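K.L.:
Starting off with a structure, shown below.
The values are calculated or read from the model by the stated rules, or taken from the named source; none is laboratory data. As the structure is a computational prediction, the values presented were derived from the model and not from experiment. Positions of Cβ are backbone-derived with ideal geometry, glycine not excepted, and every protein chain shown enters the neighbour counts.
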Amino acid sequence: MWKVKRMNTARIVVLAIAVGAGSVALYLASSSDQAPPPAAPVAQLPTMDVLVAKSDIALGQLLGAGDVQWQTWPASAASASVIRKNERPEAPTEIAGAIARSPFVAGEPIREPKLVRTNNSGFMAAVLPTGMRAVSTEISPETGAGGFILPNDRVDVILSKRDKNPDRNASADVVNSEIILSNIRVLAIDQAPKEKDGQNSVVGKTATLELKPEQAEMLARARQTGTLSLALRALVDINKPEITSDDNRSSSKRDSINVVRYGVPTTTTTQK
């Protein structure tokens, strides 16, 4: 009798476990059948294809169809000056033969104001802005910052001239130096309008400067009265205002020092 009751109890326990396991399996199966909630729709920004530089394009480089490519851009980020594919699908072949007035980096949109077409004109005449003049001056490693001035850099032009010493008892002449032109763009060194092969210095004999007509006249007069030197400006100083010759003379302070060369004393005037 006792064995029968024990067997019935064991059967009931086994049956309860089986029922519980079945319930769990049924719950898991029903849960897996439920589809996940749909993801919230992502807003699609309007885009357009614009013409960009396929690789870096240097100042003065002649563009070909292989130098540019179409790239998808957000419509809101495209300025009015970019070239759009829906407006000019043949633009890659149309701009072939144009010259880069300014450098482009890879992926930068091609803009017409930074291109120039020479037609029958030379390169220098084509890249000069309206109203500006290209004037060349002789340089050397000593007067051209040791060759570290490159095309598209900014320089100050310094005039050094030797004057008679007003003190009759002194035999040495006075050498005066002053900045006559400030923040001037260098167009080319010799006949190279761009940096070649990644060089960080170019030793040349002439530098071509971008000048206003009145600045060109000043440079021509200064060339006849003394020695011209170019002082390289830092990139962060490019946007600073120019210093005119009159302002420089009125605001500068001069100090004189004696320089002895080969036994001959010379008085040099410097500015602060």
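K.L.:
Only one of (1) exposed (fewer than 13 other Cβ atoms within 10 Å of the Cβ); (2) at pLDDT 75 or above; (3) more than 24 Å from the chain's Cα centre (by Cα) is not met by T130, so which one is it?
P.N.:
Result: T130 fails condition (3) only.
K.L.:
For residues in region 36-78 being over 17 Å from I110 (Cβ atoms) and polar (S, T, N, Q), which is modelled with the highest pLDDT?
P.N.:
Among those residues, the one meeting the criterion is T47.
K.L.:
Answer yes if at least one residue in region 110-132 is in contact with a Leu (Cβ under 6 Å, 6 or more places away or on another chain), assigned by TED's automatic domain parsing to the domain that holds L187 and touching a residue at least 60 places away in the same chain (Cβ under 8 Å), and no otherwise.
P.N.:
Filtering region 110-132 for residues in contact with a Leu (Cβ under 6 Å, 6 or more places away or on another chain) gives 110.
Narrowing the set further to residues that are assigned by TED's automatic domain parsing to the domain that holds L187 leaves none.
The answer is no, given that none of the residues of region 110-132 is in contact with a Leu (Cβ under 6 Å, 6 or more places away or on another chain), assigned by TED's automatic domain parsing to the domain that holds L187 and touching a residue at least 60 places away in the same chain (Cβ under 8 Å).
Yes/no matrix, rows are residues, columns are (1) modelled with pLDDT of 80 or more; (2) crowded, with 17+ Cβ neighbours inside 10 Å; (3) not in a strand (DSSP E or B):
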residue: S160; (1), (2), (3): yes, yes, no
residue: N165; (1), (2), (3): no, no, yes
residue: N169; (1), (2), (3): no, no, yes
residue: V175; (1), (2), (3): no, yes, no
residue: V186; (1), (2), (3): yes, yes, no
residue: S201; (1), (2), (3): no, no, yes
residue: G204; (1), (2), (3): no, yes, yes
residue: A207; (1), (2), (3): yes, yes, no
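K.L.:
Which condition breaks for A106 when tested against (1) surrounded by fewer than 12 Cβ atoms within 10 Å (Cβ to Cβ); (2) farther than 12 Å from V52 by Cβ; (3) modelled with pLDDT of 90 or more?
P.N.:
(2)
K.L.:
Could you go through region 67-78 and let me know if any residue there is surrounded by 15 or more Cβ atoms within 10 Å (Cβ to Cβ) and within 22 Å of D153 (Cα to Cα).
P.N.:
no
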